[in-house]
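What follows is a set of notes on a single structure, which appears directly below.
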Amino acid sequence: MNKLTCPSCKSADCRFLDDYRYFKSEDRKYLGDMKVYQCQSCSLGFNSPMPDKAALDLYFKIVYRQSNRPHFKKDPRKAEILLWQKAQYAYMSQFCDFDKLQSIADYGAGYGMLLREIKLHHPDIKMSAYDPDVQSLEYLKSFDIETYDLFKCLDSAESKNKYDLIIASGSIMYDSNPHCFFDFANKNLSEKGKVFLEVPNHVFSDDSYTKRPYDGPVMFYFSIDSLKKLVDVNNLELEHITTASTELDDALQYRLNQYNAFNQKEESFIAKIMKGFKSKLKMMIPKRIKKAIKALLYDEDLDIAKKLAPFEYGGKRWTIRCIITRNLKSE
Ligand SMILES: [Zn+2]
């Protein structure tokens, strides 16, 4: 059997952590039978065996935004920009003079909500959205945002585009290689350009990790230490790094609610009859009580960024937020 090595720092000192937790059981068909390991040298967590690029490309093109999953949006044009994106823009503004920027790329843009937030303030900046799921990006063309098939662009050797700012929010943990994004940044960043990066903060050192309801489809589990190492080995430099958003325990509870809401078992005949009975019963319950019950249950319209705290910083929080520049000293 081949000895496992860390995909970031190449250390062979890697420890088995747990079996991978799939969001839905059918995900195993696309992602394979994975286990989670952690590098004892740089602390990066990673899956093994890692699905190849083609499998991930397929997963993001046809599975990730299916209607029975959390990343589905029925009408992305009408989706509102969240406090989440506003907090990210406010953070970036401390390090970037947006009035001087000419172009921005979003790596793993999804529905491109962060680009849309920036566009509200700076309509003249040229914007490009990269994602494997080009179908979900299609509507962004009406916002004057160019769209690209991300995996095809990763394969091309040279880039015609140079960007003053490259953003990646909650996307690089989905790559099959932790260096993918940094190669993209090195290739596509203008000389004085900056990178805004946000990833989930995976704290393995206590029991938070065992409380997670699912991993899908995360491939890499970052900590501040492992991210610092990864930036360094890619010859880039951190200008600022912090933990951000809600406290970890609240975020885990949110994810558990989300997992339960999207993985309800098929209703049995008896359950359907009971539901009919309950709905009659419900009509007799006062509005005030109904509201209180509803607040306790997961509501799919109630997005995490609305009820959580994207403007909070420091300590054991749900994400790591940072600004990266070229390492100008070594060139
Ligand atoms: Zn490592």
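Below are the figures for this structure:
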{"read-out": "Leu150 being among the hydrophobic types (A, V, I, L, M, F, W, C) and under 20 Å from Gln85 (Cβ atoms)", "value": "yes"}
{"read-out": "Selection count where residues are acidic (Asp, Glu) and in a helix (DSSP H, G or I), scope region 138-188", "value": "3"}
{"read-out": "Residue in region 70-116 that is nearest to Ser136 (Cα to Cα), counting only those that are over 19 Å from the mean Cα position of the chain (by Cα) and among the acidic types (Asp, Glu)", "value": "Asp75"}
{"read-out": "Members of region 161-180 that are among the aromatic types (Phe, Trp, Tyr) and within 16 Å of Leu236 (Cβ to Cβ)", "value": "Tyr163"}
{"read-out": "Residue that is farthest from the chain's Cα centre (by Cα), among those in region 8-43 that are more than 9 Å from the ligand (Cβ to nearest atom) and of a type in the set (A, V, I, L, M, F, W, C)", "value": "Ala12"}
{"read-out": "Among the candidates Ser226, Ser245, residue that is of a type in the set (Gly, Ala, Ser), under 22 Å from the mean Cα position of the chain (by Cα), assigned to a helix (DSSP H, G or I) and at pLDDT 90 or above", "value": "Ser226"}
{"read-out": "Qualifying residue in region 21-40 (condition: under 26 Å from Val195 (Cβ atoms) and either in contact (Cβ under 8 Å) with a residue 60 or more places away in the chain or surrounded by fewer than 18 Cβ atoms within 10 Å (Cβ to Cβ) (or both))", "value": "yes"}
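Each row is one residue, and each column tells you yes or no for (1) of a type outside the set (D, E, K, R); (2) more than 28 Å from Ala261 (Cα to Cα); (3) touching a Pro at 6+ places or on another chain (Cβ under 9 Å); (4) within 16 Å of the ligand (Cβ to nearest atom).
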residue: Gly45; (1), (2), (3), (4): yes, no, no, yes
residue: Lys61; (1), (2), (3), (4): no, no, yes, no
residue: Asn68; (1), (2), (3), (4): yes, no, no, no
residue: Ile81; (1), (2), (3), (4): yes, no, no, no
residue: Gln88; (1), (2), (3), (4): yes, no, yes, no
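The values are calculated or read from the model by the stated rules, or taken from the named source; none is laboratory data. In this text, all values refer to a predicted model and were calculated from it rather than measured experimentally. We place every Cβ from the backbone using ideal geometry, glycine too, and count neighbours over all the protein chains shown.
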